[in-house]
Amino acid sequence: MRYTMTHRWGNDTQTDIVNAEQLEALLAELNDTDDIEHPDVSIRDNETGWSLGIFAGDSGLVVLEVVEDDDDIWHMRGLSPQRILKLCTAFVSGAVDLVRQESWLPGYQ
């Protein structure tokens, strides 16, 4: 399977294609901001190793990383829900290189 979507409570969904409905449902899991133990969801492109982590709350924090490489960790803060959806949509359409060209800052935060 090309993509692994990790849901807020830790379960994974494996799929070759992430459609708009699946993506919106994944991001909707972040609406409950009271659960600090499970603060994020993520989408991993299993072919490239890149992962996009999206965090709950008002920070608009998104992390882009290669999970097995401590040197490839990037983040952006203050993103609107619409901007986050646009980034995620580009990511799951296979445009990882396009997503990587955004204004990322080094590290997790």
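Here, each number is a calculation from the coordinates, and none is a lab measurement. Quantities reported herein were computed from a predicted structural model and do not represent experimental measurements. We place every Cβ from the backbone using ideal geometry, glycine too, and count neighbours over all the protein chains shown.
Observations, loosely collected:
- Subset tally (residues that are free of Cβ contacts under 8 Å to residues at least 24 places away in the same chain and either in a loop (DSSP other than H, G, I, E, B) or under 21 Å from Leu30 (Cβ atoms) (or both)) for the range 66-93: 14
- Residue count for the range 1-24, restricted to those that are surrounded by 13 or more Cβ atoms within 10 Å (Cβ to Cβ) and not charged (D, E, K, R): 10.
- Taken together, the residues in the range 38-65 that are part of a loop (DSSP other than H, G, I, E, B), closer than 20 Å to Asp16 by Cα and charged (D, E, K, R) amount to 1.
- Residues of the range 57-109 that are over 13 Å from the mean Cα position of the chain (by Cα) and either among the hydrophobic types (A, V, I, L, M, F, W, C) or surrounded by 17 or more Cβ atoms within 10 Å (Cβ to Cβ) (or both): Ala95, Leu98, Trp104, Leu105.
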